[in-house]
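Down below is the structure, laid out as structure tokens.
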Amino acid sequence: MLLTLNRPDRMNGWTPDLEAAYFDLLDAGAADPRIRVFVVTGAGRAFCAGADMGRLEALSSGAQKMTARSRPKTHPLSIRKPIVAAINGACAGIGLLEALCCDVRIASREAKFTTALVRRGLIAEHGLSWILPRVVGFADSVELLLSGRVLLGDEAERLRLVHRALAPEEVLPAALEYAHDLATNCSPAALAAIKWQAYRHVDGRLDEALRESEPLMHQAVASADFKEGVASFAERRPPHFAPLTGS
């Protein structure tokens with residue numbers, strides 16, 4: 001399922017309405033057995049250049065107030081299906097956070113990345129101080145948060161902020177091809193379990209990971225997907241895995 005942040009005249013600046021629409025589509029796709037993988041990109045020249053400047057000006061003047069919402073900005077992490085970011089351009093502030101909340105990131109070499117927050121008088125908000133060190137490591141994340149400097153796609157790839165940096169015209173096709181491979185060849189149930197394990201165990205202890213993974217392994221071995229995965233490999237044909245069900 002391809003989702004496009006579609007405010008190109010505002011560099012896809014983040015607003016409450018954009019957030020609600022994006023999260024609603026993720027929730028709907030997560031509940032739809034026909035959807036196996038999401039690809040998220042931006043319209044025009046940006047992926048998401050951060051919070052909409054008009055909203056920032058309103059907040060800074062006191063004309064608007066920050067309001068709590070039912071779903072945190074890190075809501076995509078709770079989606080059981082893989083999310084692939086096709087980062088076509090500027091990716092800053094909350095746009096960077098949302099890219100990091102995707103499981104795989106493929107970016108343009110010309111895309112500009114920045115935490116930006118410190119240069120607007122803001123802190124590392126909405127969980128960025130939690131997720132960034134887990135992606136690039138502590139030392140690099142502190143430097144990026146403190147400086148708010150701009151880096152391009154090639155450096156983002158070297159820091160492992162993104163998985164691949166490509167020519168601009170290759171980004172979306174590569175992301176769609178990657179997503180198609182997951183949707184075609186990977187068990188949706190296994191993908192959901194692995195995504196849960198990865199985020200659940202990143203801060204945990206090994207014994208906890210072993211204890212919680214053991215029953216999942218027994219379920220997997222007893223599943224129809226395991227039988228199909230082995231059979232398709234032995235028969236040298238594409239697998240036919242059942243859609244993901246349940247919540």
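Readers should treat all values here as calculations from the given coordinates under stated rules, not as data from a laboratory. As the structure is a computational prediction, the values presented were derived from the model and not from experiment. Glycine gets a Cβ as well: all are built from the backbone with ideal geometry, and neighbour counts include every protein chain shown.
Calculate the FRET efficiency for HIS180 and GLN219 from the Cβ-Cβ distance with a Förster distance of 25 Å, rounded to the nearest 0.05.
With a Förster radius of 25 Å, E is 0.40.
Measure nothing fancy, just the Cα-based angle from helix 206-221's long axis to the longest principal axis of the chain, in degrees from 0 to 90, nearest 10.
So the inclination is approximately 50 degrees.
For a quick protection proxy, order the peptides 74-81, 3-10 by their average other-Cβ count within 10 Å, most packed first.
On the way: 74-81: 18.0, 3-10: 16.1.
Highest mean packing first, the order is 74-81, 3-10.
With r defined as the distance between the Cβ atoms of LEU2 and TRP130 and R0 fixed at 25 Å, what FRET efficiency is calculated, to the nearest 0.05? Mind dumping the intermediate values first?
On the way: r = 28 Å, r/R0 = 1.12.
Using R0 = 25 Å, I get an efficiency of 0.35.
Taking the dipole about the Cα centre of the chain, with the C-beta of Lys and Arg at +1 and of Asp and Glu at -1, give me whichever of SER232, GLY93, GLN197 is farthest to the positive side.
GLY93
Rounded to the nearest 5, what % of the DSSP beta bridges within the chain are antiparallel ones? Working shown, then result.
Numbers: 2 of 22 bridges.
The answer is about 10 percent antiparallel.
Given only helices, namely DSSP H runs of n ≥ 4 each adding -39500 (n - 2.57), what is the per-residue ellipticity at 222 nm of the chain, to the nearest 500 deg cm²/dmol?
Numbers: 10 runs with 113 residues, N = 247.
For the chain, the value works out to -14000 deg cm²/dmol.
ALA139 to LEU206: FRET efficiency via 1/(1 + (r/R0)^6), r the Cβ-Cβ distance, R0 30 Å, to the nearest 0.05?
Efficiency computed from Cβ-Cβ geometry: 0.80.
What is the fewest-to-most order of PHE38, PHE47 by other Cβ atoms lying within 10 Å of their Cβ? Don't skip to the end; give the middle numbers.
Values: PHE38 22, PHE47 31.
Ascending number of Cβ neighbours within 10 Å: PHE38, PHE47.
Under a point spin-label approximation (7 Å from Cα along Cα-to-Cβ), what is the ARG160-ARG119 distance to one decimal in nm?
For ARG160 paired with ARG119, the spin-label model returns 2.6 nm.
Using 0.36 nm per residue of separation minus the Cα-Cα distance, give me the extension gain between ARG80 and VAL230 in nm, one decimal. Don't jump to the answer; show the numbers that get you there.
Values: separation 150, 0.36 × 150 = 54.00 nm, distance 2.36 nm.
Taking 0.36 nm per residue and subtracting the Cα distance, the gain is 51.6 nm.
Calculate how steeply helix 171-185 sits against the longest principal axis of the alpha-carbon atoms of the chain, using the helix alpha-carbon long axis, and give the answer as 0 to 90 degrees to the nearest 10.
Its long axis makes an angle of about 30 degrees.
Sort ILE83, ILE194, ILE131 by Cβ crowding within 10 Å, fewest neighbours at the top.
Details: ILE83 25, ILE194 16, ILE131 20.
The fewest-first ordering by Cβ neighbours comes to ILE194, ILE131, ILE83.
What's the exposure ranking of PHE23, PHE226, going from fewest to most Cβ atoms within 10 Å? Intermediate values should be presented prior to the final figure.
Working: PHE23 19, PHE226 16.
By the 10 Å Cβ count, ascending, the order reads PHE226, PHE23.
Each residue of the stretch 89-103 in turn: what ³J(HN,Hα) in whole Hz from Karplus with 6.51, -1.76, 1.60 and θ = phi - 60°, glycine and Pro shown as x?
The phi angles translate into x, 3, 9, 9, x, 5, x, 5, 4, 5, 5, 5, 7, 8, 7 Hz.
Kindly count the pairs of lysines across the chain whose alpha carbons are less than 24 Å apart, treating pairs on different chains or eight or more residues apart as eligible. Please report the intermediate quantities before stating the final value.
Values: LYS65/LYS73; LYS73/LYS81; LYS73/LYS112; LYS73/LYS195; LYS81/LYS195; LYS81/LYS227; LYS195/LYS227.
Going through the chain pair by pair, I get 7.
Considering the Cα trace of the stretch 1-57, what is its radius of gyration and what is Dmax, both in angstroms?
12.4, 41
How high is the relative contact order of the chain, in percent, with contacts defined as C-alpha pairs under 8 Å that are six or more residues apart?
Working: 399 pairs, mean separation 45.3, N = 247.
Relative CO of the chain lands at 18 percent.
Rounded, prolate or oblate: which fits the stretch 187-234 when a ≥ b ≥ c are the square roots of the eigenvalues of the alpha-carbon gyration tensor, with rounded for a/c under 1.5 and prolate only if a/b beats b/c?
Here the stretch 187-234 falls in the prolate category.
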